[in-house]
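Following: one structure in structure tokens, then a few remarks.
Every number here is computed from the coordinates shown, using simple stated rules; none is lab data. None of these values were measured; they are calculated from a predicted model. Positions of Cβ are generated from backbone atoms using ideal geometry, with glycine treated the same way; all protein chains shown enter the neighbour counts.
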Amino acid sequence: MGAASNATYLGLDLSTQQLKAVVVDDELKVLHETSVQFDNDLPEFRTYGGVIQRKAEPHVAVSPTLMWVKALDMILDKLRVCGVDFSKVAAISGSAQQHGTVYWGKGSRHQLQNLDPNKFLHEQLAMSFSVAHSPVWMDSSTSEQCRRLEDGVGGPLKLAEITGSRAYERFSGAQIAKIAQKKPEAYAITERISLISSFAASLFLGDFAPIDWSDGSGMNLLNIRTKDWHQKALEACAPDLRDRLGTPTSSYSNLGPLSSYFVERFGFDEKCRVIAFTGDNSGSLVGMRLKEGDVACSLGTSDTLFLWLNEPKTVVEGHVLCNPIDDEAYMGLLCFKNGSLTRERIRDTAAQGSWQIFEELLDSTPRGNFGNLALYYDAQEIIPFLIGDHRFNKANDEISRYSSKEVEVRALIEGQFIAKRAHAEDFGFIIGPHTRIFATGGASTNKAILQVLADVFNSPVYVSEVANSAMMGGAYQAKHGLLRDKYSFDEITKSLPEPTLACQPYDDADSIYKPMVLRYRKIVEELLAKS
Ligand SMILES: O=C(CO)[C@@H](O)[C@H](O)CF
């Protein structure tokens, strides 16, 4: 099957903290894999976790757009040094952090279409962006724009019914509205607005790439049933926005030939095709080959739960996105902002910065943690809308610290997963005898953490051989988009091994965690009332 038996596919994941790339063979087996860490490999941009946040504006989170361009220059050189034969690559696709927006200035399309193969991309595109720092998904500074957007379309429930979500601060619509209001001159000279996924596709295409339906579902602007922009939402955000966004497209669209820049600079075949890029959670769904009834838990900078939906639904919390594999289907998504950075904080304070000690401490405490329950929110959490650390003892008194480090470690992990179960059930997810949890992301390599996940959800936890499902999803989508006319996604991915069972829940798990979920709801209700 495939374009040719020696065809390879290039998949990328432009995530919050790093750019990752993988080359797979025609059977989708990994041949090469590498990454560029923004903080360490591109220190000149002075990011922390790939993002710039200033104490004076704690709710603002941006990333230098040019940092992502330079990371692409670097990662292709790293792949070349790894010995990748670019001439065999039949198609390219990828994933990227959702919701962030890139602002292409006047004349940038011409620059994209006329790149000089003797120069780095970052040299040639240094002046191409009308907004140098892209707002990213960790930003929560747009509550005012959210209210205006909801009012403009008839309220939060109406917006959720049409676009799959009520207004969220990190979503692109509110972020674009803020740029148009606070930087009108920059907005006026903006020729195109991309998501970070379609921005990455644009670099490979050598032209503006369309926004795909799945990542476009994270903007509060796309009607997820008609797959077209919702005019009232566009008008509630910024003037003349439709032309700046372009026409959205299916998430496995074959966009066109690879830019000649890459053919001449790296030796790609001129027949290599660019397939639409999508959001990282949609890419993870592709990479995990998620099926109806399964739940995916991605443990990365953000923690997300997502599942396959055959039909859209209106939700007051969480999101419904167009499905990246099947144009007629959807996916449900719950995003928890305080993921790996919070786990790293507690690892540093309670486990001397060592994951091994962290695991030992976690393993040394009983399920239920002696009745202690805690919530840790370094940054403004999305669900629930809370911030700060909130520790509770067995008597349900809020306390400032736990006496032991092992209690603190278990309180963090149990609290994160209990919250996920509570909000997944609110979303309508029913945990049953056939439920399978598929774990991915950095923390999915930590067995002790996965055991807590299995216990809290009272379900078996499976892992794929490659922890980075968003990156693998890019590679799978490259072949899927190239050969979709001949083969279905299942046919294209059938050669892949089934995920591995990582752990099963203990028999007493549900009797411990079901009551803790109820306790979590009560605690959150009281904290929200106070805040
Ligand atoms: O905001 C999110 C999803 O809605 C996050 O998972 C980002 O996509 C992480 F990059």
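Quick notes on this structure:
- Annotation: the residues Leu79, Leu321, Leu205, sorted from fewest to most other C-beta atoms within 10 Å of their own C-beta, follow the order Leu79, Leu205, Leu321.
- Scoring 193-204, 26-37 by mean Cβ neighbours within 10 Å over their residues and listing the highest first yields 193-204, 26-37.
- For the peptides 423-435, 392-404, residues were scored by their other Cβ atoms within 10 Å and the scores averaged per peptide; the highest-first order is 423-435, 392-404.
- Mean-position separation - Cα centroids, segment 99-152 and segment 231-290, in angstrom: 14 Å
- With contacts taken as Cα pairs under 8 Å at a separation of at least 6 residues, segment 9-96 carries a relative contact order of 35 percent.
- Taking other residues whose beta carbon is less than 11 angstrom from the beta carbon of Phe266, and scoring Lys, Arg as +1 and Asp, Glu as -1, yields -3.
- Rg/Rg_ref, segment 210-354, where Rg_ref = 2.2 N^0.38 Å and atoms are Cα: 1.27
- Among 119-128, 453-462, the order from most to least packed when residues are scored by Cβ within 10 Å on average: 453-462, 119-128
- Net dipole in debye of the chain [+1 Lys, Arg Cβ; -1 Asp, Glu Cβ; about Cα centre; nearest 20]: 740 debye
- Average Cα contact separation per residue, the chain, under 8 Å, 6 or more apart, as relative contact order %: 16 percent
- Around Leu528: net Lys/Arg minus Asp/Glu count, Cβ-Cβ under 13 Å: -1
- Rounded to the nearest 20, the Cβ-based charge dipole of segment 183-283 about its Cα centre (Lys and Arg +1, Asp and Glu -1) stands at 220 debye.
- Charge dipole (the chain, unit charges on Cβ, about Cα centre) - positive-most of Leu195, Gln17, Ser35: Leu195
- Percent of Cα pairs exceeding the 46 Å cut-off, where the set is the chain: 9 percent
- Convex hull volume of the C-alpha atoms in segment 8-282, normalised per residue: 116 Å³.
- Of Lys119/Lys183; Lys70/Lys106; Lys232/Lys291; Lys78/Lys479, those spanning more than 26 Å from alpha-carbon to alpha-carbon: Lys119/Lys183; Lys232/Lys291
- Entry note, segment 8-282: relative contact order of 21 percent, from Cα contacts under 8 Å with a spacing of 6+ residues.
- Each part reduced to its alpha carbon centroid, segment 344-406 and segment 192-217 end up 39 Å apart.
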